[in-house]
Amino acid sequence: MISNTMEKALNEQINKEMYSAYLYLSMSAHSTHSGLDGFANWFMVQYKEEMEHAMRLYSYLQDQGSKVQLKKIDEPLSTFKDPMDMFQKTLEHEKFITKSINDLMDLAIKEKDHATQIFLQWFVTEQIEEEANDNEIIGKLRLVGDKGNGMFMIDKELSQRTFTSELPSK
Ligand code: OFO
C-alpha cells in the first residue's frame, strides 16, 4: 500500500521513462539515417532498457495494488548536429532523470515508505551507471574530434553493445 501522492509520482516517472525510450529510439533512427549503425545499435539497446525501467515502475504499482495511469508521451527531438550533440543531450536528459529519481526517494523518505525506498534503490544505482556511460562516450568523442577514422572506431565499438533483460523474473 502506497500513498496517493506516491502513486501519482510513480505514474509520472513511468511517463518520463517512456519519453526516455522514445528519445533514444529517435536517436537510433537518426543514427541509422546518418550511416552510423554502431551508434544506432547503442541507442536501440538504450531504448529497450528505458522500456524496462518503465515496466519496473508499472509492475511495482500493480504489486502495491495501485492504479497504472498512462499519459501522453511528448514528441522527442528528431534532428541532431552530430554524435557529440546526441550524447550531450543524452547526458543532459539523464541528469534530469537522476534528479527525478532523487525527488522520488526524498518523497519516500518523507512518507516513511520503506518499500518504495528499497524499490527506488535500483534506480539510484542505475543512474550512476547511465551518467558514467554517457560521460565515457563523450570523452572518446572529444578525443577523436571530427576525425573520420576515430569516429569509425567508436561506431564499431558501439555496435558491440547488446541488450540483456534485467527485469526481475516473477
Ligand atoms: Fe536512462 O534511465 Fe531510465 O530514464
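The values are calculated or read from the model by the stated rules, or taken from the named source; none is laboratory data. Please read all numbers here as calculations on a predicted model, not as lab measurements. Methodologically, a virtual Cβ is constructed for each residue, glycine included, from the backbone with ideal geometry; neighbour enumeration extends over all protein chains shown. The area values use the complete protein model at the heavy-atom level, side chains included, leaving out ligands, DNA and RNA. Shrake-Rupley method; radii C 1.70, N 1.55, O 1.52, S 1.80 Å.
Determine which member of the set K112, K156 is away from the ligand (no atom under 16 Å from the Cβ), open to solvent by 80 Å² or more (accessible area, probe 1.4 Å), of a type in the set (D, E, K, R) and part of a loop (DSSP other than H, G, I, E, B).
K112
Filter the range 132-153 down to the residues that are buried (at least 16 other Cβ atoms within 10 Å of the Cβ) and within 14 Å of the ligand (Cβ to nearest atom) and list them by number.
Hits for the range 132-153 are N133, D134, I137.
Go through (1) open to solvent by 70 Å² or more (accessible area, probe 1.4 Å); (2) among the hydroxyl-bearing types (S, T, Y); (3) over 18 Å from N41 (Cβ atoms); (4) within 16 Å of the ligand (Cβ to nearest atom) one by one and return the number of the condition T98 breaks.
(1)
Any residue at all in the range 11-21 that's open to solvent by less than 10 Å² (accessible area, probe 1.4 Å), touching a Lys or Arg at 6+ places or on another chain (Cβ under 7 Å) and not in a loop (DSSP other than H, G, I, E, B)?
Checking the range 11-21: not a single residue is open to solvent by less than 10 Å² (accessible area, probe 1.4 Å), touching a Lys or Arg at 6+ places or on another chain (Cβ under 7 Å) and not in a loop (DSSP other than H, G, I, E, B).
Quick grid of which residues meet (1) within 18 Å of the chain's Cα centre (by Cα); (2) not charged (D, E, K, R):
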| site | (1), (2) |
| --- | --- |
| T125 | yes, yes |
| A132 | yes, yes |
| R142 | no, no |
| G145 | no, yes |
| M153 | no, yes |
| K156 | no, no |
| Q160 | no, yes |
| T164 | yes, yes |
| P168 | yes, yes |
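May I ask you to list pairs of residues, at least six apart or on different chains, whose Cβ atoms are under 7 Å apart, with the first in the range 122-151 being within 30 Å of Y60 (Cα to Cα) and the second being modelled with pLDDT of 95 or more and among the polar types (S, T, N, Q)?
Final answer for the pair search is Q127/T98; E131/T98; D134/T90.
Which condition breaks for L57 when tested against (1) touching a residue at least 60 places away in the same chain (Cβ under 8 Å); (2) of a type in the set (A, V, I, L, M, F, W, C); (3) within 15 Å of the ligand (Cβ to nearest atom)?
All conditions are met except number (1).
Could you grab the pairs with beta carbons closer than 8 Å, sequence gap of 6+ or different chains, first residue in the range 95-115 and more than 23 Å from S20 (Cα to Cα), second one part of a loop (DSSP other than H, G, I, E, B) and not charged (D, E, K, R)?
Correct list of pairs: E111/S3; D113/I2; D113/S3; A115/I2; A115/Q64.
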